[in-house]
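Student: If you scroll down you'll find the structure; I have some questions about it.
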Amino acid sequence: MLIILSVGGSILAKELSPDSFLGYANALKELAKEHDIVVITGGGAAARDYINVARSTGANEVECDYIGIDITRLNAKLLISALGDAAYPEPPKDYKQAQEVLSSGKIIVMGGVIPGQTTDAVAAILTEYLRADMLVISTAVDGVYSADPRKDPQAIKYDTMTAKQLVNTVMTTEMKAGSKSPVDPLAAKIIERCKIETIVMEGSDPQNVLKVIMQESENNEDKKEVYLGTRIIG
């Protein structure tokens with residue numbers, strides 16, 4: 001299977017610890033024994049910090065997006081370093097490059113692509129473009145909720161939901177550089193358009209991400225034993 005994995009910067013680079021990158025590298029190497037993998041890394045707190053400074057100095061949103069993209073690519077390079085020979089040595093800068101280097105047989109790691117697209121949107125578009133079998137969004141929250149659970153204690157978590165429900169849930173997300181959401185509106189619309197099999201899950205433990213992906217790929221009836229998050233169905 002070809003699996004696209006979006007790893008939020010708030011997970012991968014929360015404290016810019018080598019252990020986080022090495023932990024994900026070990027899980028990805030194990031996963032790559034059976035599957036082809038493309039990873040898209042987010043920017044996290046560092047990207048938001050740079051973007052906030054840029055805004056304060058007068059940068060517009062497109063300029064802020066480019067700064068955020070640069071940070072996501074730095075995180076991609078750190079993960080490539082942790083993966084060593086298992087990874088393609090450079091982050092592809094666009095979708096066509098990702099397709100071209102997929103034939104290398106290596107784990108592909110990349111960051112953002114163009115302004116106006118979060119890394120989750122990049123992952124969803126890449127899933128469509130490469131006709132991948134599964135999209136996994138590894139983030140700081142344990143799934144998709146009816147509202148922001150940090151602000152609304154009555155927010156309901158969805159174990160499963162349709163792509164249309166996902167779109168309706170996230171359409172209130174503010175589309176600005178550095179915005180925080182489990183899935184952004186553009187990614188949700190791509191998921192809906194292409195009926196992409198998608199999992200949104202809390203990804204602080206890369207081994208759990210590995211278990212979930214392996215169990216999903218086996219397509220057995222015991223998925224819920226290790227499944228923690230939201231499964232989005234067409």
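Student: Among the residues of region 28-42, which ones are outside any helix (DSSP H, G or I) and either over 28 Å from Pro115 (Cα atoms) or open to solvent by 10 Å² or more (accessible area, probe 1.4 Å) (or both)?
Tutor: Hits for region 28-42 are Ala32, Lys33, Glu34, His35, Asp36.
Student: Using the structure shown, decide if Ala25 is of a type in the set (A, V, I, L, M), under 23 Å from Met201 (Cβ atoms), assigned to a helix (DSSP H, G or I) and in contact (Cβ under 8 Å) with a residue 60 or more places away in the chain.
Tutor: yes
Student: Sticking with this structure for a sec: For region 2-22, what are the residues that are part of a loop (DSSP other than H, G, I, E, B), touching a residue at least 24 places away in the same chain (Cβ under 8 Å) and open to solvent by 80 Å² or more (accessible area, probe 1.4 Å)?
Tutor: Of everything in region 2-22, those that are part of a loop (DSSP other than H, G, I, E, B), touching a residue at least 24 places away in the same chain (Cβ under 8 Å) and open to solvent by 80 Å² or more (accessible area, probe 1.4 Å) turn out to be Lys14, Leu16.
Student: How many residues does region 195-204 contain that are open to solvent by 10 Å² or more (accessible area, probe 1.4 Å) and either within 19 Å of Thr127 (Cβ to Cβ) or without any contact (Cβ under 8 Å) to a residue 40 or more places away in the chain (or both)?
Tutor: Going through region 195-204 one residue at a time, the tally reaches 3.
Student: Related question: Anything in region 30-71 that is over 30 Å from Asn208 (Cα atoms) and of a type in the set (A, V, I, L, M)? List them, or say none.
Tutor: Ile51, Val53, Ala54, Ala59, Val62, Ile67, listed by residue number.
Student: Given the conditions (1) at negative phi; (2) not in a helix (DSSP H, G or I), report the number of the one that Gly58 does not fulfil.
Tutor: With (1) at negative phi; (2) not in a helix (DSSP H, G or I) applied to Gly58, the lone miss is (1).
Student: Given the residues Leu28, Leu5, which is the only one that is modelled with pLDDT of 95 or more, under 15 Å from the mean Cα position of the chain (by Cα), within 14 Å of Gly111 (Cβ to Cβ) and of a type outside the set (Phe, Trp, Tyr)?
Tutor: Selected residue: Leu5, the only one of Leu28, Leu5 that is modelled with pLDDT of 95 or more, under 15 Å from the mean Cα position of the chain (by Cα), within 14 Å of Gly111 (Cβ to Cβ) and of a type outside the set (Phe, Trp, Tyr).
Results for (1) at pLDDT 95 or above; (2) touching a Gly at 6+ places or on another chain (Cβ under 8 Å); (3) within 14 Å of Ser6 (Cβ to Cβ); (4) of a type in the set (Val, Ile, Thr), shown as yes or no for each residue.
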position: Ala45; (1), (2), (3), (4): no, yes, no, no
position: Ser56; (1), (2), (3), (4): yes, no, no, no
position: Ile80; (1), (2), (3), (4): yes, no, no, yes
position: Gln99; (1), (2), (3), (4): yes, no, no, no
position: Gly105; (1), (2), (3), (4): no, no, no, no
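Student: Further question: For region 206-234, name all the residues that are at pLDDT below 80, under 19 Å from the mean Cα position of the chain (by Cα) and of a type in the set (D, E, K, R).
Tutor: none
The values are calculated or read from the model by the stated rules, or taken from the named source; none is laboratory data. Just so you know, these numbers come straight off a predicted model, no measurement behind them. Positions of Cβ are backbone-derived with ideal geometry, glycine not excepted, and every protein chain shown enters the neighbour counts. Just so you know, the surface numbers come from the protein's heavy atoms only, side chains and all, with ligands and any DNA or RNA stripped out. Shrake-Rupley method; radii C 1.70, N 1.55, O 1.52, S 1.80 Å.
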